[in-house]
Amino acid sequence: MTSHRPRVRFAPSPTGDLHVGNARTALFNWLFAKHYGGDFILRIEDTDQERTSPVFEKSIREDLKWLSMEWDEGPEKGGMLGPYHQLKRLDIYDKYIRELLSAGKVYPCYCTEEELEAERASLRSMRMTPRYTGKCRKLTDKEREALEESGRRPALRFSVDKGSIEFNDLIRGEMKFEGDAIGDFIIVRSNRIPSYNFAAVVDDHLMEITHVIRGEDHLSNTAIQILLYKALDFEPPVFAHHSLVLGKDRTKLSKRHGSVTVREFRSRGILSPALLNYLSLLGGSVGEGKEVASMEEIINMFSLERAGKSGAIFDEDKLKWLNAIYIRRCDVDELTELLLPFIGEAGYDVDLMSRGWLHQVVEALRDNLVTLADVGLYLDIFIDDRYSISDEARAILIEDAAAVKVLHEELAQRNIPEQDFYHDLIRSVRRKTGLKAKNLFLPIRAAVTGRTSGPELEKVFAILGKESIVRRLERAMQIAT
Ligand code: GLU
C-alpha cells in the first residue's frame, strides 16, 4: 500500500439510475477509503451528452446518500481539485490535447461512422478483431486540407504502437494486452468532446487518484489508459478490477433478471443497511461465514483483494432474508418512520393514525415483514372498516367454529379491564372446548384477523380491544352457520 493517504473515486456516467453492480463498485471504493483512512471522490462523467441526463445524476447522488456513501469531494461538496463534472473541465483537457498533438502522438481522423462500420465489417468477415486500421494516420497535409474543406470535422486519434501493455492488477495480478489488437483510439470526438478514456486519465491524474477500483469490464480500457499515462508522462495509479455482479444464470446482472437498480429495491422496501450489508458480502467480500455485519465491522474486515475475485451471483432471496433481519432489529420509532410512505402507498391515510397506535401495530407486525412494502399486506387486520375475511380463513371457519363461539361467549360476559385479557380468555376457551394448538388457534386467528397467518394474536387482541373483536367474532359466526 502506498504510504500517503489513498484517494479513490466513483465516476458514474449518469445514463440511468444507479445499478446495484455500480453501487457495489462505489461501495468498494468507499470501503477502501474508510478502511485506509483515505478520501472518496465523486466525479460525474457526463461527456456523452446524448445519453447522460441531470435527472439521472440527481438520482445517483440521492441513492449514494441513501446508502450513506457520502463523498469527501465532488458535486455539492466541492474540493480543491474540481470541478467534478467532466463537461466543466473542457478547458483543462485542451492543454493535454495540445500537448499530445504537438508531440505527434495523436492525429486527426476524418472517417465517418459509416466508413468505420464498413471497415469493422470487412475485418469481421476476414475473422479479424474489428478495430481501426489507421487509415487517416497516413493522410498527407493536402488530403487533410481537402477533407476539411469538404466540411468534415475530425476526431483525434491516438497512435498506438505495436508491443505489449502490461500492468499489475491489485485483484487479478499480472495483466498483458497487445497494442496491435487495440488499434488507434479516439481521444477527442469530432464534436470536440473528449472520449471517456482520455478524460478519465487526465482527471484521475489531476485529482490525484491513487487507486482506480472498477469492474472487470473496464480491463481493456485500462490498457488504453496506460498508453495515455505514458504519453502524457503521468504516473499511473494502482488498478484493481473486481468481478461483476451476475444473475443466477451467470450472465451479467441486467433488467431481464428483475430489479437491478438501487431505486427499485428502495421502492420495494429494502432497507439501506441491508442492501449495503448484502453488497458487501456478495462474492465473499467480508470474512467468510459472517453474514450479518455492522458497517464498522464491514469497514474493518474489508479486503479489496478478497472482495473482487470471483463472480458474484445476485440472490434476491438472500437480500430479502437479510432485510427481514434488519427490520426486526430496527428501533420501533425508526421503523415506523420508514414505513409511513409504504403505508400511504398501500392506500391508507397516515394522518388518521395516531403515533401511539402505529407504534403498537408496527411492533406487532415487524416479525412478519420481509420488506417495508409488506406492511400493506397486513395493515387491514387492525382497521375495522378494511378488515375482510380471506377465502382460506372462511374455509377454516366453515370447518370448525367451536372455538370462535366459545370465545365470543367468554368475551361478551367479561368486563375487560385493560390489556392482557388474551391469555386469560384463551385459557377459558381451551378448558371449555378441550381444543388445543392449531385446532384452537387457527379458527380464532381466522375470525379475528381474517386470515390464516400473521402477527401474534396476543398483540392483535391488545390493539383491537373488546368491541372490535366481538364484532369480528359475530361476523365469523355468521359465516360458520
Ligand atoms: N464512467 C465510467 C462508467 O460509469 C467510469 C469507469 C471508471 O471507473 O473509470 O463505467
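The values are calculated or read from the model by the stated rules, or taken from the named source; none is laboratory data. These numbers were taken from a predicted model, which means no experiment stands behind them. Neighbour counts run over all protein chains shown; Cβ positions are idealised from the backbone, glycine included. Heads up: the accessible areas ignore ligands, DNA and RNA and are worked out on the full protein's heavy atoms, side chains in. Shrake-Rupley method; radii C 1.70, N 1.55, O 1.52, S 1.80 Å.
Observations, loosely collected:
- Selection from the range 215-246 of residues that are closer than 18 Å to Ala33 by Cβ, within 12 Å of the ligand (Cβ to nearest atom) and open to solvent by 10 Å² or more (accessible area, probe 1.4 Å): Pro237
- Flag if Asp384 is under 24 Å from Ile479 (Cβ atoms), touching a residue at least 60 places away in the same chain (Cβ under 8 Å) and either β-branched (Val, Ile, Thr) or part of a loop (DSSP other than H, G, I, E, B) (or both): yes
- Residues that are over 22 Å from Thr25 (Cβ atoms) number at least 2 in the following helices (runs of 4 or more DSSP H) confined to the range 255-334: 316-329.
- Hits in the range 154-198 - residues which are outside any helix (DSSP H, G or I) and among the β-branched types (Val, Ile, Thr): Val160, Ile165, Ile171, Ile186, Ile187, Val188, Ile193
- For beta carbons closer than 6 Å, sequence separation of 6+ or different chains, a first residue in the range 175-193 that is more than 18 Å from Leu232 (Cα to Cα) and a second that is in a strand (DSSP E or B), the qualifying pairs are Met175/Phe167; Met175/Asp169; Lys176/Ser164; Lys176/Glu166; Phe177/Ile165; Glu178/Ser164; Arg189/Ala155; Ser190/Ala155.
- Of all residue pairs spaced 6 or more apart or on separate chains, those with beta-carbon atoms under 6 Å, a first member in the range 300-319 that is surrounded by 15 or more Cβ atoms within 10 Å (Cβ to Cβ) and a second member that is aromatic (Phe, Trp, Tyr) are Leu304/Phe32; Ala307/Phe28; Leu319/Tyr278.
- Filter pass, Ala447 being more than 25 Å from Gly356 (Cβ to Cβ) and surrounded by 19 or more Cβ atoms within 10 Å (Cβ to Cβ): yes
- Verdict on Glu76 being on the phi > 0 side of the Ramachandran plot, in contact with a helix residue (DSSP H, G or I) (Cβ under 8 Å, 6 or more places away or on another chain) and acidic (Asp, Glu): yes
- Search result, residues across the range 129-152 that are outside any loop (DSSP other than H, G, I, E, B) and not basic (Lys, Arg): Cys136, Asp141, Glu143, Glu145, Ala146, Leu147, Glu148, Glu149
- Leu276 being within 26 Å of Gly79 (Cβ to Cβ) and away from the ligand (no atom under 16 Å from the Cβ): yes
- 3 or more residues over 30 Å from Glu148 (Cα atoms), open to solvent by less than 20 Å² (accessible area, probe 1.4 Å) and within 12 Å of the ligand (Cβ to nearest atom): qualifying helices (runs of 4 or more DSSP H) within the range 1-113: 20-36
- Residue that is surrounded by the most Cβ atoms within 10 Å (Cβ to Cβ) [pool: residues in the range 342-362 that are without any contact (Cβ under 8 Å) to a residue 24 or more places away in the chain and closer than 24 Å to Ser272 by Cα]: Leu358
- For the range 130-167, the candidate set comprises residues that are within 26 Å of Asp217 (Cβ to Cβ) and without any contact (Cβ under 8 Å) to a residue 40 or more places away in the chain; within that set, the residue that is least open to solvent (accessible area, probe 1.4 Å) is Gly163.
- Flag if Glu410 is open to solvent by 20 Å² or more (accessible area, probe 1.4 Å) and either part of a loop (DSSP other than H, G, I, E, B) or closer than 23 Å to Ala447 by Cβ (or both): no
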